[in-house]
Amino acid sequence: MLTLTCPCCGVTVEETELAPGGEAHLKRFGPGSSDEEFETYMFARKNPKGVHFERWRHAYGCGKWFLTARCTATLEVFGSYPAQTTEPPAELIAKIKEKRPGWEGYK
Amino acid sequence: MSKAVSALNGQSHTGFATVTEAGLKGMVTLRADLDSKALAKGLKALGLKVPAQRAIVTEGARSVAWMSPDELLVLCGYEEAAQVTADLEQALAKEHALVTNVSDARAMFTVSGAKGDEVLMKLCPIDFETLEAGEMRRSRAAQVAAAVWRSGPEELSVICFRSVAGYMMGLLEVSSRKGGEIY
């Protein structure tokens, strides 16, 4: 069971209070993009074994979306941060790099 | 006007703790920028202030609870809820805000007794050891959304949607039966 801290209301909650939203930091390709770009945006997901950035919604609590970095292999949670951002906070990236030296980055 | 009735008309059960449907309660939900001066002023007129994150502030018969970064819930008497809504609406007239009287859309329960925590421990993924007095904790009770706080010594209050009040009462009644204590 995952235990995540919601950055919007500051409470540490377990998975059943949350709704998953899939991979975070996707770049949207909408009208005007090529078919290939749109297909990649729509369907291609990383599904890594290791560090993964995800969207979660505190569905039974404050109802806000937030982003989380966790390891899909060990379920270790590196941290969570508000969704109003286009990239993970620098200190979180530094923390992950320290723990997973071989990590190739979130992009 | 038809006579207002609460969801379960004050139904009550006593096991190792007493669970009671709290009857008619005034509830006004408020969505606004919580840092706005107009909101602080509007609440001040009601004798309340903007609560800190996850806090519930009680002054006399009224309370105001922090529900999310842009939402508050004002608890007051059932009769005065319409007036409170109108007052807040007026105070926030120039803001991007929403004030709604949800008194008839919600149900409220109280769980009282020394072992009251144990009734809810079985239903909610909340750490009751760390739930402080004056903290509003939104969570779930079994399959439905619920907001829980310590409303007095040895008393917890629970708010849920009115449509699931019967379900909530069933949960609380079964969970509070004698012999079901955890410790």
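Remark: region B:103-161 carries a charge dipole of roughly 260 debye about the Cα centre, counting +1 on each Lys and Arg Cβ and -1 on each Asp and Glu Cβ. Between B:D70 and B:A45, what FRET efficiency comes out of the Förster formula 1/(1 + (r/R0)^6) with R0 = 22 Å and r the beta carbon distance, rounded to 0.05? Efficiency for this residue pair is about 0.60.
Listed cross-link partners B:K3/B:K94; A:K27/B:K37; B:K3/B:K41; A:K46/A:K95; B:K25/B:K122; A:K99/B:K122 are compared with a 29 Å cut-off, the Cα-Cα value being larger for B:K3/B:K94; A:K27/B:K37; B:K3/B:K41; A:K99/B:K122.
For the protein assembly as shown, the orientation-averaged shadow of the C-alpha convex hull comes to 19.6 nm² (one quarter of the hull surface).
A dipole drawn for the protein assembly as shown from +1 and -1 charges on Cβ atoms has a positive end, and of A:C62, A:T74, B:S139 the residue lying farthest that way is A:T74. For the pair B:N9 and B:Q53, label points projected 7 Å from Cα toward Cβ lie 4.5 nm apart.
For the segment A:58-65, counting C-beta atoms of other chains within 10 Å of every residue's C-beta and taking the mean gives 5.
Each of B:V164, B:S151, B:F128 was scored by the projection of its Cα onto the charge dipole of region B:127-175, and the greatest displacement toward the positive side belongs to B:V164; charges sit on the C-beta of Lys, Arg, Asp and Glu.
Projected label points at B:D33 and B:D104, each 7 Å from Cα along the beta carbon direction, are separated by 3.4 nanometres. In this Cβ point-charge picture (+1 for Lys and Arg, -1 for Asp and Glu), chain B has a dipole of about 220 debye about its Cα centre.
When shorter helices are ignored and each DSSP H run of at least 4 residues is given -39500 (n - 2.57), the per-residue value for chain B at 222 nm works out to -6000 deg cm²/dmol.
Modelled label positions at A:K27 and A:K46, each set 7 Å beyond Cα in the direction of Cβ, lie 1.4 nm from each other.
A cut-off under 13 angstrom between Cβ atoms defines the neighbours of B:A52, and their net charge, with Lys, Arg +1 and Asp, Glu -1, is -1. Once the Cβ-Cβ distance between B:Q90 and B:V144 is put in as r, and R0 is 35 Å, what FRET efficiency do you end up with, to the nearest 0.05? In this case the efficiency is close to 0.55. Only sites in a loop by DSSP and with at most 10 other Cβ atoms within 10 Å count here; which GluC sites (Glu not before Pro) in region A:26-107 make the cut? Of the GluC sites (Glu not before Pro), the ones in loops of region A:26-107 whose Cβ has at most 10 other Cβ atoms within 10 Å are A:E104. Charge dipole of the protein assembly as shown (Cα centre as origin; +1 on each Lys and Arg Cβ, -1 on each Asp and Glu Cβ, all else neutral): 100 debye, rounded to the nearest 20.
Every read-out reported here was derived from the displayed coordinates using simple, explicitly stated rules and does not represent laboratory data. This is a predicted model, so every value here is computed, not measured. Using ideal geometry, Cβ is built from the backbone for each residue, glycine included, and neighbour counts are taken over all protein chains shown.
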